[in-house]
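Structure, as structure tokens:
The values are calculated or read from the model by the stated rules, or taken from the named source; none is laboratory data. Values in this document were obtained by computation on a predicted structure and should not be read as measured data. Neighbour counts are summed over all protein chains in view; Cβ atoms, including those assigned to glycine, are modelled from backbone coordinates with ideal geometry. Surface areas here come from the heavy atoms of the whole protein model, side chains and all, with no ligands, DNA or RNA. Shrake-Rupley method; radii C 1.70, N 1.55, O 1.52, S 1.80 Å.
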Amino acid sequence: MLNEIIINGRTIGSGKKPYIIAELSGNHQGDLQRALRLVDAAADAGADAIKLQTYTAETMTLNVDRPEFKVKGGPWAGKSLHDLYSEASTPWDWHEAIFAQAKKRNVDCFSSPFDPSAVDFLDKLSVPAFKIASFELVDLPLIKKAASKGKPLIMSTGIANFKEIQDACTVAKTCSSAGFALLHCISEYPTEAINMNLQAIPGLFSSFGVPIGLSDHSLGSSIAVAAVALGATIIEKHITLERDSGGVDASFSLEPQEFKELVQVCHQVH
């Protein structure tokens, strides 16, 4: 059915229990053992899936010091894009160990590829799905490449306008035999609650008829819970071991006990 996708045998869509994704991102702080502990923490908290990001600084940007290559606001203000991506990236040779730990803990594990070589790399690791990040939603060749692997796509809307979302959905629908879902997302880090525009969730479902969720960068868990009440069937939220220990995304991530409470309340609201 159009309004459902299946990941590792689990049906995700309208009326189903929300599928909760723990985003590791750069909160591993360059330490594989910390990354594996984050997998365990997410599993213990009741997450259904772990999500990584698969890129290198060199595939994302140029190593230059010009003003247009520096972050101008938010938690990364003043950093060069190359330095930020170098710090936040998950080394490709870690992926197999992280995927193995997730499998051991009986949680799904997949990633956001940022270029075609990452799609091929992840496909060789037998990922059960691909996540298309917000800033890549306009990269239609990347969506086509990921869709060609015959696995479901989860696509964040981020900064895309409605026409760009339509175009991405057309490519995903045409090229994927496994369907796709959309995540409403505001590309602000952290996102102020007043800017979340959660009415987009029923709006996206009305427009596209596919599973709709939320990729949430707000503080706390109240926005994600409200999204479930509005029909979100996928929730993606960053996880960290301790916010005070740092990490590029720690300031808007949930600690393990908070993540556990998020899962419980989302299930309760559903």
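Note on the stretch 198-233: residues that are in contact with a Leu (Cβ under 7 Å, 6 or more places away or on another chain), open to solvent by less than 10 Å² (accessible area, probe 1.4 Å) and over 24 Å from ASN27 (Cβ atoms) amount to 3. Please go through the stretch 239-257 and pick out each residue that is within 18 Å of the chain's Cα centre (by Cα) and free of Cβ contacts under 8 Å to residues at least 60 places away in the same chain. Residues satisfying the conditions are LEU254, GLU255. Within the stretch 93-124, being touching a residue at least 40 places away in the same chain (Cβ under 8 Å), under 22 Å from ARG10 (Cα atoms) and outside any strand (DSSP E or B) holds for ILE98, GLN101, ALA102, ARG105, ASN106, VAL107, LEU122. Name the single residue that is nearest to the chain's Cα centre (by Cα) among those in the stretch 258-270 being open to solvent by 40 Å² or more (accessible area, probe 1.4 Å) and touching a residue at least 40 places away in the same chain (Cβ under 8 Å). So, considering only residues that are open to solvent by 40 Å² or more (accessible area, probe 1.4 Å) and touching a residue at least 40 places away in the same chain (Cβ under 8 Å), the one nearest to the chain's Cα centre (by Cα) is LYS260. Residues that are in contact (Cβ under 8 Å) with a residue 12 or more places away in the chain, open to solvent by 10 Å² or more (accessible area, probe 1.4 Å) and touching a Gly at 6+ places or on another chain (Cβ under 9 Å) number at least 1 in the following strands (runs of 3 or more DSSP E) confined to the stretch 1-74: 4-7, 49-54.
Set side by side, the residues GLU236, GLU164 differ, and just one is surrounded by fewer than 20 Cβ atoms within 10 Å (Cβ to Cβ) and either closer than 25 Å to THR11 by Cα or touching a residue at least 12 places away in the same chain (Cβ under 8 Å) (or both), which is GLU164. In the stretch 129-161, which residue that is open to solvent by less than 10 Å² (accessible area, probe 1.4 Å) and of a type in the set (Gly, Ala, Ser) is farthest from the chain's Cα centre (by Cα)? Across the stretch 129-161, the extreme among qualifying residues is ALA147.
What about LEU183, is it within 21 Å of ALA49 (Cβ to Cβ) and either open to solvent by less than 10 Å² (accessible area, probe 1.4 Å) or among the small types (Gly, Ala, Ser) (or both)? Yes: the conditions hold for LEU183.
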